[in-house]
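Scroll down for the structure; my scribbles are underneath it.
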Amino acid sequence: MDEVLRYRGRVVTAAHVAQIQALLATQPSLSRRALSFAVCAAWDWRQPNGTPCDAICRSLLLALHRAGHLVLPPAQWTARRPARARSQQPLLLVDTTPVETSLRELGLLEIRQVRRSPEEPLLNSLLAQYHYLGYQQPVGEHLKYLVSADERLIACATWSSAPRHLHLRDRFIGWSDEVRQRNVRLLAANTRFLILPWVRVPHLASHLLGRLAARISADWDGLYGHPIYLLETFIDHARFAGTCYRAANWVAVGSTRGRGHRAWTQRATKPVKALWVYPLTPHFRERLNDG
């Protein structure tokens with residue numbers, strides 16, 4: 001196999017490059033976006049819900065272009081000014097009256113999945129204002145949840161595609177590289193979890209983690225066409241003890257080395273974090289090693 005490039009687990013060979021060049025030669029009027037859809041069709045490259053992998057394909061085509069393997073059509077649109085940082089969100093006002101009560105007396109809890117809904121900007125704004133990490137637009141598949149009690153916002157959470165490479169997790173599951181590349185989409189990472197700072201309700205955080213875990217696989221399947229079998233999250237040792245995750249029956253499987261993603265050196269440059277996981281089925285290892 002004459003490998004030219006490896007991108008997000010997909011191997012691109014010289015034959016693939018020749019196929020793209022043939023598309024460009026026979027259809028010179030194709031835009032970059034149209035070329036991406038044509039490549040997805042030629043390779044039958046689709047998400048589990050049947051949608052073409054357009055965004056990933058466009059990034060792959062740009063990587064091939066920058067490496068000199070092909071020449072893409074000129075971009076039809078470029079930004080006239082620098083893009084706004086992802087963490088900057090419009091600051092939307094909400095009721096900040098203190099909520100101090102018991103979980104029993106809090107009232108009816110409503111958990112709403114707000115991805116691709118008019119409420120999504122509100123969740124983004126809450127994280128930007130009140131989460132210590134701010135807001136970053138999730139990459140890949142993701143879901144977003146708002147939680148209300150008697151119509152008062154009290155919490156929010158985001159779940160995203162899991163990191164592709166994670167030694168601690170992969171060893172815990174018993175993955176080979178080949179199986180991991182195929183099945184990592186069956187994991188979801190809790191990237192943000194926020195109880196709003198004016199809310200003081202004992203046991204609320206662990207209760208919400210349990211409620212979210214009970215529905216996330218069905219919600220993911222409804223939007224992306226496949227279930228989730230294992231949840232994961234990172235907890236900063238210096239800030240948190242992971243009490244609510246422990247109370248919700250999550251399991252700590254080890255700590256990172258503080259090197260970050262794809263570190264070029266062996267030096268620790270980031271906070272050391274604990275990796276916690278939550279299986280959504282007793283047979284999660286078998287499901288994650290299928291195929």
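Evaluating ASP177 against the criteria (1) modelled with pLDDT of 95 or more; (2) within 25 Å of ALA252 (Cβ to Cβ) leaves one unmet condition, (1).
Applying the criterion of being closer than 30 Å to LEU204 by Cβ and touching a Gly at 6+ places or on another chain (Cβ under 6 Å) to the residues of the stretch 235-270, the residue that is modelled with the lowest pLDDT is LYS270. Filter the stretch 55-68 down to residues that are surrounded by fewer than 16 Cβ atoms within 10 Å (Cβ to Cβ) and not basic (Lys, Arg) and give me whichever is modelled with the lowest pLDDT. Here the answer is ALA55. Here ASP2 does not fit the description of being closer than 30 Å to GLY222 by Cα, among the acidic types (Asp, Glu) and in contact (Cβ under 8 Å) with a residue 12 or more places away in the chain.
Tell me, please, whether a residue that is surrounded by 19 or more Cβ atoms within 10 Å (Cβ to Cβ), of a type in the set (Ser, Thr, Tyr), in contact (Cβ under 8 Å) with a residue 60 or more places away in the chain and not in a helix (DSSP H, G or I) can be found in the stretch 149-169. Can you show your working first?
Initial filter on the stretch 149-169 (surrounded by 19 or more Cβ atoms within 10 Å (Cβ to Cβ)): 149, 153-160, 162, 166, 169.
Now restrict to residues that are of a type in the set (Ser, Thr, Tyr): 158, 160.
Narrowing further to those that are in contact (Cβ under 8 Å) with a residue 60 or more places away in the chain: none.
No, because not a single residue in the stretch 149-169 is surrounded by 19 or more Cβ atoms within 10 Å (Cβ to Cβ), of a type in the set (Ser, Thr, Tyr), in contact (Cβ under 8 Å) with a residue 60 or more places away in the chain and not in a helix (DSSP H, G or I).
Among the residues making up the stretch 187-204, those that are buried (at least 19 other Cβ atoms within 10 Å of the Cβ) and over 20 Å from GLN137 (Cα atoms) are VAL199, VAL201, LEU204. Among residues of the stretch 6-36 being in a helix (DSSP H, G or I) and touching an Asp or Glu at 6+ places or on another chain (Cβ under 6 Å), the one that is surrounded by the most Cβ atoms within 10 Å (Cβ to Cβ) is SER36.
Mind checking whether some residue in the stretch 129-147 is basic (Lys, Arg) and either in a loop (DSSP other than H, G, I, E, B) or surrounded by fewer than 17 Cβ atoms within 10 Å (Cβ to Cβ) (or both)? Before you say what the answer is, go through the steps one by one.
So the first thing to find is which residues in the stretch 129-147 are basic (Lys, Arg), and the list is 144.
Next cut, either in a loop (DSSP other than H, G, I, E, B) or surrounded by fewer than 17 Cβ atoms within 10 Å (Cβ to Cβ) (or both) only: none.
So far as the stretch 129-147 goes, no, none of its residues is basic (Lys, Arg) and either in a loop (DSSP other than H, G, I, E, B) or surrounded by fewer than 17 Cβ atoms within 10 Å (Cβ to Cβ) (or both).
The values are calculated or read from the model by the stated rules, or taken from the named source; none is laboratory data. Remember, predicted model here, so these are calculated numbers, not experimental data. Backbone-built Cβ (ideal geometry, glycine too); neighbour counts: all protein chains shown.
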